[in-house]
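Q: Attaching a single structure in structure tokens format; questions to follow.
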Amino acid sequence: MPLRILAAPQDPQLLDLPWEVPLEAWPADRLVALPRGLSRHVVRFVRLDGRVYAVKEVVERLAQREYRLLRDLERSGVPAVEAVGIIAGRESPAGAPLDPVLITRHLQFSLPYRALFSQTLRPDTAGRLVDALVVLLVRLHLAGFFWGDCSLSNTLFRRDAGAFAAYLVDAETGELHDELSPGQRAYDIDNARTNIAGELLDLAAGGLLDEHVDPVDFAADVGARYERLWGELTGSESFELDERWRIAQRVERLNRLGFDLAELDIVTDVGGRSVRIQPKVVDAGHHSRRLLRLTGLDVEENQARRLLNALDQYAAATDQQGEDEEIVAHQWLTRVFEPVVRSVPADLRGKLEPAEVFHEVLEHRWYLSERSGRDIGLKEARDAYLRDELAHRPDEQAVIGGVGPADDDEAADPEPFRIPWDQLRG
Amino acid sequence: MATVTFDKASRVFPGAERPAVDKLDLDIRDGEFLVLVGPSGCGKSTSLRMLAGLEDVNSGAIRIGDRDVTRVPPKDRDIAMVFQNYALYPHMTVADNMGFALKIAGDSKDEIRRRVADAARLLDLEPYLDRKPKALSGGQRQRVAMGRAIVREPQVFLMDEPLSNLDAKLRVSTRTQIASLQRRLGVTTVYVTHDQVEAMTMGDRVAVLKDGLLQQVDTPLNLYDHPVNAFVAGFIGSPAMNLMSVPVDSGGARIGDYTLPIPRELLARASGNRITVGIRPEAFDLSQREGIPATVDVVEELGADAFVYSSADFDGTHVSLISRHAARTPPGKGSQIRLTVDPAKTHVFDEQTGARLSS
């Protein structure tokens, strides 16, 4: 039987993989690492032409569904892993049918939450992970996506200038609607709360969580954090007609949260004395879009915020505040940003993304200046950072598992796992 | 535990022409295993989600026990959606895996201990409460996952096609396990499936839906023996009931040169001069002299019995028939046969409305 392939056309080398072999029996030399994580199905990671792919064996109906969902999410600009294709019609050499596979591209420089604590997961790190997850959940809900299984395990995190940006990894239980009902949103929040509590309690039971983090309190806070952000992004407010500055204020508040207001509903009352406004369409990525427009750099939201600040400081320091923004930005890019990024030796480039390196150099410069009581120059800070900091960091370009050996059942750090229904027997 | 009542509950999706669920009236008894079944788009999943609080109810009401939950958020409904995605946490003991969600809900330590102990007793997990999940068998792990739902002591379990991604063989064995566990727990359960065999084998009662409308709710046997309309007759049963639209005369239904005797008072209830006749495959008999003339296309020998797939041509129409016969003596492929029916085993439906005419 011929293989049937549904794929974006850019990865023809995928055809060379041993599709006639069940994933569980794939030769180790094809694999990047054995899988970890919660999936209910067999998952393997493979490297081809320097890129890493996740390959998941799943019945055809579910493979099709998840492929479409991930494609739809990509189109609506929600951060999610990128679906590459489905390979169906697989058969073993003896003619036994094999389940189709769904292929997704591994997100570079992303980290599973369990890889984010080399020793223990500290309160501020845990808090930032949860914040990133809440932003992701709100963005998914704004796009009409019901997750059905929101958890730290079903998410990948990218460093984002001291914070994190979260990406959806597993859309198996997801559904895309025109708009979500309050019940669907409430279910996702409650489910996230339970899952996060379970995941943090599990870390605590394994001695991997800082004792200052209370998993139950932490998880309970998810709902409150979600409601605050959801309220700010979608809530209505009323004011007198002569307080119209409050519209500008609302826009500014949204911008600070990293969102742009694309459509605002404005209703005046019958007498025309008071106004009620409600955001109808908000788009995430306020700072990253602006940075992309000015410099062509495509980075995470907080990184963009940080880089835009650096750009403003450059404009001030070179006395160019009145100049054309794009010209100054181009200058900053070629004279400040790129020299720092280019100075990273090739063998250190797999450790952090360029924008994150730049952010850390700025942090290091601030730290060195404070310690020495004088203003340390960017070059000096950069050299010190590369030598004293980056060189000692682990590679994060393609982190697949958590910590410890991945292929050992008795590993020091086993991960949460799922049980399929058919094991009810026995 | 509790009853569940759908009281003229409707769901209309924005922009849709007709309701996804249309004035659903359904009384589910305390402890009952009720299955919602129907073809894709019939409203079965939407009905379940209305009960779960995931879909808004546009009109009517839903009650759990005496409590109106129509506008209550999902987590306050005292229900458990039993999906297959319960995670087990490897560093935590079986007891903690089962009970941690109660901690978030703010239950006291004593209360959590009591509920975990109760659930462990029901699930035969008492000796394992202090172990880690890795030390358990697959079946025990699955029961720990179920335990997560059970410790919440919900009034109702909801299951939405839990077996849909298993292969056929595993589905059969797993459905038995789920049904027997439910009977043991005695918790009112609403279960959604598109598979009528699954519905018939698992449910105390089965509710058949089509186009958002409840067609019939009854025990599996009554659905099989007394389908209220031609849709239910054709949907329930495998292989499906033979359904034929035929003209009537004073003696009964005329199928080619064969007249299937049908009582006069039944024919009088038909709205036109045609009726839909329904015959289960096992209601046919072979005859030498009379019956529906047909040509055998395929014979399936199953050991205990045989299915004969034949075709009949009459009044310019072509009809495919399935009949079940004793094994080892079925007619051969290509042979001409005549199929008779015991009138008592004949189902008669109005040709236009599809409603059942026979009692």
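The values are calculated or read from the model by the stated rules, or taken from the named source; none is laboratory data. Keep in mind that this is a model prediction, so the values were computed, not measured. FYI the Cβ positions are ideal-geometry reconstructions off the backbone, even for glycines, and counts take in every protein chain you see. Accessible surface areas use protein heavy atoms only, side chains included; no ligands, DNA or RNA. Shrake-Rupley method; radii C 1.70, N 1.55, O 1.52, S 1.80 Å.
Q: Once label points are set 7 Å from the Cα along Cα→Cβ at both B:Arg29 and A:Asp242, what is their separation, rounded to one decimal in nm?
A: Each label point is offset 7 Å from its Cα along the Cβ direction, giving 7.2 nm.
Q: What is the antiparallel percent of DSSP beta bridges lying wholly in chain B, to the nearest 5? Present the calculation step by step, with values, prior to reporting the outcome.
A: On the way: 60 of 77 bridges.
Antiparallel bridges make up about 80 percent of those DSSP assigns within chain B.
Q: Out of every Cα-Cα pair in chain B, what percent are more than 40 Å apart? Show your work: numbers first, answer last.
A: Working: 19024 of 64261 pairs.
Tail of P(r) above 40 Å: 30 percent of Cα pairs.
Q: Going by alpha carbons, how many degrees (0 to 90, nearest 10) lie between the helix axis of A:245-256 and the longest principal axis of chain A?
A: Approximately 40 degrees, to the nearest ten.
Q: With every protein chain kept in place and ligands, DNA and RNA left out, what is the accessible area per residue of segment A:111-233? Probe 1.4 Å, answer in Å².
A: 32
Q: Could you work out the mean projected area of the convex hull around the alpha carbons of chain A, in square nanometres to one decimal?
A: On the way: hull surface 105.5 nm².
Over every viewing direction, the Cα hull of chain A projects on average to 26.4 nm².
Q: Note the full-extension length gain between B:Asp66 and B:Glu301 as 0.36 nm times their separation in residues minus their Cα-Cα distance, in nm to one decimal. Mind dumping the intermediate values first?
A: Details: separation 235, 0.36 × 235 = 84.60 nm, distance 5.29 nm.
My answer for the length gained is 79.3 nm.
Q: What does the average come to when, for each residue of peptide B:163-171, you count the partner chain Cβ atoms lying within 10 Å of its Cβ?
A: 4
Q: Hey, any idea what % of chain B's accessible area is carbon plus sulfur with a 1.4 Å probe? Don't skip to the answer; put the middle values down first.
A: Numbers: 7430 of 15410 Å².
So the carbon and sulfur contribution to the accessible surface is 48 percent.
Q: Same structure again: Tell me the relative contact order for chain A as a rounded percent, counting alpha carbon contacts under 8 Å between residues six or more apart.
A: On the way: 630 pairs, mean separation 67.1, N = 426.
About 16 percent, as a whole number.
Q: Also, I was wondering about something else. Accessible area per residue of segment A:4-106 at 1.4 Å probe, in Å²? Intermediate results must be reported in sequence, preceding the final value.
A: Details: 4580 Å² over 103 residues.
The answer is 44 Å² per residue.
Q: How far apart, in nm, are two points set 7 Å out from the Cα along the Cα-to-Cβ line at B:Asp211 and at B:Lys8?
A: Output for this residue pair reads 2.2 nm.
Q: In vacuo Debye scattering of segment A:4-106, one point per C-alpha: log10 I(q)/I(0) at q = 0.19, 0.20, 0.21, 0.23 Å⁻¹?
A: Treating every Cα as an identical point scatterer, log10 I(q)/I(0) equals -0.97, -1.08, -1.19, -1.43.
Q: From the helices alone, meaning DSSP H stretches of at least four residues, give me the mean residue ellipticity at 222 nm for the protein assembly as shown, per-run term -39500 (n - 2.57), in deg cm²/dmol to the nearest 500. Each step should come with its number before you reach the end.
A: On the way: 20 runs with 252 residues, N = 785.
Computed mean residue ellipticity for the protein assembly as shown: -10000 deg cm²/dmol.
Q: Counting only protein heavy atoms, what percent of the accessible surface of segment A:4-106 is carbon or sulfur at a 1.4 Å probe?
A: Values: 2390 of 4580 Å².
The C+S portion of the solvent-accessible surface of segment A:4-106 is 52 percent.
Q: Moving on. Please check: in the Gaussian network model of chain B (C-alpha springs, under 10 Å), which one of B:Glu17, B:Glu32, B:Glu198 has the largest mean-square fluctuation.
A: Of B:Glu17, B:Glu32, B:Glu198, the Gaussian network model singles out B:Glu17 as fluctuating most.
Q: Quick check: convex hull over the Cα atoms of the protein assembly as shown, volume per residue in Å³, rounded to an integer? Please list the in-between numbers first.
A: On the way: hull volume 179.1 nm³, N = 785.
Output value, Cα hull per residue: 228 Å³.
Q: Jot down the radius of gyration and Dmax of segment A:235-284, Cα atoms only, both in angstrom.
A: 11.2, 35
Q: State, to one decimal in nm², a quarter of the convex hull surface area for the C-alpha atoms of segment A:111-233, i.e. the direction-averaged projected area. Present the calculation step by step, with values, prior to reporting the outcome.
A: Details: hull surface 28.7 nm².
Dividing the Cα hull surface by four gives the mean projection, 7.2 nm².
Q: Express as a percent, rounded to the nearest 5, the fraction of DSSP beta bridges in segment A:111-233 (both residues included) that run antiparallel.
A: Numbers: 9 of 10 bridges.
Bridges in segment A:111-233 that DSSP calls antiparallel: roughly 90 percent.
Q: A follow-up question, please. Principal axis extents for segment B:203-310, Cα atoms only, whole Å, descending order, please.
A: 43, 42, 21
Q: Also, I was wondering about something else. Looking only at other chains, what is the average number of their beta-carbon atoms within 10 angstrom of each beta-carbon in A:187-195? Can you show the working numbers first?
A: On the way: counts 8, 2, 3, 6, 5, 0, 3, 8, 4.
Other-chain Cβ atoms within 10 Å of each residue's Cβ, averaged: 4.
Q: Give me the number: length gained by fully extending B:Thr176 to B:Ala327, i.e. 0.36 nm times residue separation minus the C-alpha to C-alpha distance, one decimal in nm. Mind showing how you got there, number by number?
A: Working: separation 151, 0.36 × 151 = 54.36 nm, distance 2.80 nm.
Gain in length upon complete extension: 51.6 nm.
Q: Would you mind calculating the gained length between B:Asp130 and B:Ala105 on full extension (0.36 nm times residue separation, minus the Cα-Cα distance), in nm to one decimal?
A: On the way: separation 25, 0.36 × 25 = 9.00 nm, distance 2.23 nm.
Here the segment from B:Asp130 to B:Ala105 would lengthen by 6.8 nm.
Q: Another question, if that's okay. Show me A:384-394, B:253-263, B:295-305 ranked by packing, highest mean number of other Cβ atoms within 10 Å first.
A: Details: A:384-394: 14.3, B:253-263: 17.6, B:295-305: 12.4.
For the peptides A:384-394, B:253-263, B:295-305, the packing ranking is B:253-263, A:384-394, B:295-305.
Q: Another question, then. At the nearest 100 Å², what buried accessible area, both sides summed, do you get for B and A when the probe is 1.4 Å?
A: On the way: alone 17390 and 21500 Å², together 34940 Å².
The B and A chains share an interface burying roughly 4000 Å².
Q: At a 10 angstrom cut-off on C-beta neighbours, averaged per residue, how do the peptides B:45-55, B:137-147 rank from highest to lowest? Mind dumping the intermediate values first?
A: Values: B:45-55: 24.3, B:137-147: 22.1.
Highest-to-lowest ranking by the protection proxy: B:45-55, B:137-147.
Q: Relative to the longest principal axis of the C-alpha atoms of chain B, give the angle of the C-alpha long axis of helix B:109-122, reported between 0 and 90° and rounded to the nearest 10°.
A: Once rounded, one gets 30 degrees.
Q: State the antiparallel share, in %, of DSSP beta bridges confined to the protein assembly as shown, rounding to the nearest 5.
A: Counting only bridges with both partners in the protein assembly as shown, antiparallel ones make up about 85 percent.
Q: Residues of segment A:124-156 with backbone nitrogen within less than 16 Å of a virtual label 7 Å along the Cα-to-Cβ line of A:Glu263, please, listed as ranges.
A: Backbone N within reach: A:142-145.
Q: Taking chain A as a Gaussian network, Cα atoms linked when under 10 Å apart, which of A:Pro112, A:Pro18, A:Pro345 shows the biggest mean-square fluctuation?
A: A:Pro345
Q: Report the Cα centroid-to-centroid distance between segment B:181-249 and segment B:290-332 in angstrom, as an integer.
A: Taking the Cα centre of segment B:290-332 as reference, the centre of segment B:181-249 is 25 Å away.
Q: OK, next. Comparing A:Val222, A:Val281, A:Val267, which has the greatest mean-square fluctuation in the GNM of chain A with Cα pairs linked when under 10 Å apart?
A: Result: A:Val267 has the largest fluctuation of those listed.
Q: Give the accessible surface of chain B per residue, rounded to a whole number of Å², with probe radius 1.4 Å and ligands, DNA and RNA excluded. Spell out each step's value before the answer.
A: Details: 15410 Å² over 359 residues.
I get 43 Å² per residue for chain B.
Q: Provide a whole-number value for the mean count of partner chain Cβ atoms within 10 Å of the Cβ atoms in peptide B:87-100.
A: Numbers: counts 16, 7, 12, 9, 13, 7, 1, 0, 0, 4, 5, 0, 0, 10.
Taking all residues of B:87-100 together, the mean is 6.
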